[in-house]
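Okay, structure first, notes after.
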């Protein structure tokens with residue numbers, strides 16, 4: 001193999017020249033230490049804003065536990081005392097008190113945990129369900145028609161009807177909320193995955209794989225799934241702000257989580273009548289929910305850029 | 001084209017009928033207790049309840065009820081409302097609310113189209129400069145933060161510092177619609193700006209733009225006559241749909257500002273077992289959505305003559 005130093009001393013116009021036969025060079029195999037996930041992490045770390053967001057989010061999660069531990073009141077044992085209502089934040093009540101004289105600090109941090117937990121569960125759940133169904137939908141031709149019709153049927157009825165009916169018929173609780181959001185949320189993911197699978201399923205390398213007798217699940221997981229990682233991650237990350245948004249809307253309308261499981265949306269809807277006079281009631285939950293949502297939005301975009309193999313090298 | 005339109009309309013009718021059937025069946029899953037007001041539920045004996053349900057035809061087998069429903073639909077009879085507005089025909093109930101939502105929605109759609117696309121153009125023109133960053137920060141904020149939070153922020157800012165009313169009122173329509181319109185526009189401005197910028201930036205690197213620049217066209221001419229027009233092609237499809245669906249109102253916004261519009265009607269009707277209202281609303285929304293998609297396709301064809309609808313298979 002010619003090195004740059006070999007060219008020294010040669011004339012400029014001599015672009016090609018003979019080299020001697022060397023057995024080592026002939027046996028050399030092209031090798032690169034490329035690793036997919038290594039490159040993904042490397043590219044992700046280059047994105048400063050996303051890294052900041054990641055730390056911000058982790059800090060918030062850890063701090064919510066610390067906050068509940070060091071807070072002077074426990075959420076489960078709060079008592080209403082209207083003589084203590086609307087205390088501004090002070091050394092006793094760090095976030096002040098709400099309209100019923102209950103400590104706001106523990107309510108806000110407890111609700112933060114509930115919201116994050118719900119969003120993570122829903123995001124993971126709908127991704128898993130969506131990817132599995134999407135892979136089958138895209139790969140098995142015979143089922144395409146069935147799934148497309150199913151998608152149209154579910155998608156064309158306004159989601160608010162499902163949510164209201166579930167709240168009225170089944171009830172309102174954390175589990176019901178999570179399950180029903182997953183049951184409707186997989187549609188978007190499945191459709192995206194299906195479209196991607198359509199693009200890749202009949203590429204030559206998959207044809208070759210099939211001819212060689214590679215089992216179906218292996219074609220799906222090893223040949224096709226890696227191409228979908230960036231789409232899946234983006235969708236998953238964006239579903240977290242979307243879930244928080246949907247949950248807060250539903251809670252505001254009274255068909256979200258039950259009263260006994262506070263979430264940031266429920267807290268915001270509870271103080272709707274008061275925050276004009278007592279802005280601190282809005283500021284604390286609003287800023288926490290904004291930080292969570294924005295960090296996932298930025299992280300998701302950065303991670304999906306990093307996970308796209310075309311952006312590597 | 002005519003044949004295509006007719007075919008597509010026929011398909012849409014089937015879709016609407018299917019949706020109506022599903023909603024019809026879903027609504028029958030609701031316990032019949034919701035049929036009564038709380039007062040009635042306390043007072044009525046089981047026999048009285050049963051008699052009331054029987055009189056309303058709710059004890060018939062599902063098949064019979066469904067046939068009745070289809071028969072009424074065929075005669076374009078949408079029935080009367082029961083608890084939203086006792087005895088009034090559903091068309092009247094919806095007609096009253098419809099105007100309020102549509103007025104707010106249309107103003108906001110106009111504003112967001114204008115401002116959103118302008119913002120997108122400016123962001124493209126000042127790409128990677130401070131203005132672009134501000135615009136991107138705005139779109140990220142609006143897209144990521146829950147609407148409840150951004151509405152609250154608009155409410156606090158608008159009422160405390162600018163003195164606009166915090167609730168919608170029919171006596172004071174002008175000033176009290178300002179904050180609802182701002183809230184409605186926030187998200188759609190961000191949407192239009194995001195996609196305008198995205199498509200325009202993609203378009204900017206094309207060869208024909210280079211050629212235009214070499215020919216000596218001014219950059220504003222390139223921006224408006226070439227880049228914007230081509231970038232609008234993929235966006236134009238969504239415009240009729242978003243304008244038509246303003247009629248449906250916004251659930252959260254209308255609750256938040258107590259606007260007497262269409263938004264909360266659907267949930268209210270479900271919670272009060274007002275079946276006719278629910279079914280009519282769903283049929284209306286589905287029809288609007290389908291017409292919107294169709295108009296979008298037509299508009300796309302007008303903007304970009306290379307696209308034909310009849311040649312390839314329809315999207316829906």
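The set of residues from the range A:251-272 being under 20 Å from the mean Cα position of the chain (by Cα) and either surrounded by fewer than 24 Cβ atoms within 10 Å (Cβ to Cβ) or closer than 18 Å to residue B:254 by Cα (or both) comprises just one member, A:265.
Applying the criterion of at least 3 residues that are touching a helix residue (DSSP H, G or I) at 6+ places or on another chain (Cβ under 6 Å) and in contact (Cβ under 8 Å) with a residue 12 or more places away in the chain to the helices (runs of 4 or more DSSP H) found wholly in the range B:125-178 leaves B:130-144, B:147-160. Of all the criteria given as (1) assigned to a helix (DSSP H, G or I); (2) more than 11 Å from chain A (Cβ to nearest Cβ); (3) under 22 Å from residue B:186 (Cβ atoms), the one not satisfied by residue B:253 is (2). Selection over the range A:137-155 of residues that are loosely packed, with under 15 Cβ neighbours inside 10 Å, assigned to a helix (DSSP H, G or I) and more than 13 Å from every other protein chain (Cβ to nearest Cβ) gives a count of 5. Taking the criterion of being within 30 Å of residue B:151 (Cβ to Cβ) and free of Cβ contacts under 8 Å to residues at least 40 places away in the same chain, the only residue of the range B:199-228 that qualifies is B:199.
Applying the selection to the range A:156-187, what residues are more than 14 Å from chain B (Cβ to nearest Cβ), surrounded by 18 or more Cβ atoms within 10 Å (Cβ to Cβ) and without any contact (Cβ under 8 Å) to a residue 60 or more places away in the chain? Outline the logic, then answer.
First, the residues of the range A:156-187 that are more than 14 Å from chain B (Cβ to nearest Cβ): A:173-179, A:181-182, A:185-187.
Going one step further and asking which of them are surrounded by 18 or more Cβ atoms within 10 Å (Cβ to Cβ), we end up with A:177-178, A:181-182, A:185-187.
Once the filter is applied, which keeps residues that are more than 14 Å from chain B (Cβ to nearest Cβ), surrounded by 18 or more Cβ atoms within 10 Å (Cβ to Cβ) and without any contact (Cβ under 8 Å) to a residue 60 or more places away in the chain, the range A:156-187 yields only A:187.
Identify all residues within the range B:256-274 that are assigned to a helix (DSSP H, G or I) and facing chain A (nearest Cβ under 9 Å); write none if there are none. The answer is B:256, B:266, B:267, B:270, B:271. Evaluating residue B:235 against the criteria (1) free of Cβ contacts under 8 Å to residues at least 40 places away in the same chain; (2) surrounded by 19 or more Cβ atoms within 10 Å (Cβ to Cβ); (3) away from chain A (no Cβ under 11 Å) leaves one unmet condition, (1).
Selection over the range A:16-36 of residues that are free of Cβ contacts under 8 Å to residues at least 60 places away in the same chain, surrounded by 10 or more Cβ atoms within 10 Å (Cβ to Cβ) and under 40 Å from the mean Cα position of the chain (by Cα) gives a count of 1. For beta carbons closer than 6 Å, sequence separation of 6+ or different chains, a first residue in the range B:278-292 that is more than 9 Å from every other protein chain (Cβ to nearest Cβ) and a second that is outside any helix (DSSP H, G or I), the qualifying pairs are B:280/B:78.
Restricted to the range A:196-302, the set of helices (runs of 4 or more DSSP H) holding at least 3 residues that are more than 11 Å from chain B (Cβ to nearest Cβ) comprises A:204-211, A:225-253. Among the residues of the range B:12-32, the ones that are over 14 Å from residue B:285 (Cα atoms), at the interface with another protein chain (Cβ under 9 Å from one of its Cβ atoms) and touching a residue at least 60 places away in the same chain (Cβ under 8 Å) come to 2 in all.
Among the residues of this structure, residue B:241 counts as one that is within 30 Å of residue B:199 (Cβ to Cβ), in contact (Cβ under 8 Å) with a residue 12 or more places away in the chain and either part of a loop (DSSP other than H, G, I, E, B) or within 14 Å of chain A (Cβ to nearest Cβ) (or both).
Taking residue B:204, is it surrounded by fewer than 22 Cβ atoms within 10 Å (Cβ to Cβ) and within 12 Å of chain A (Cβ to nearest Cβ)? For residue B:204, the condition - surrounded by fewer than 22 Cβ atoms within 10 Å (Cβ to Cβ) and within 12 Å of chain A (Cβ to nearest Cβ) - is not met.
Select, from B:127, B:160, the only residue that is surrounded by fewer than 18 Cβ atoms within 10 Å (Cβ to Cβ), more than 12 Å from every other protein chain (Cβ to nearest Cβ) and more than 18 Å from residue A:289 (Cβ to Cβ).
On the way: B:160 fails: more than 12 Å from every other protein chain (Cβ to nearest Cβ).
Matching residue, one of B:127, B:160: B:127.
Values in this text are rule-based calculations from the coordinates and carry no lab data. Predicted model only: the values in this text are computed from it and were never measured. Ideal geometry is used to build each Cβ from the backbone, glycine not excepted, and the neighbour counts take in all protein chains shown.
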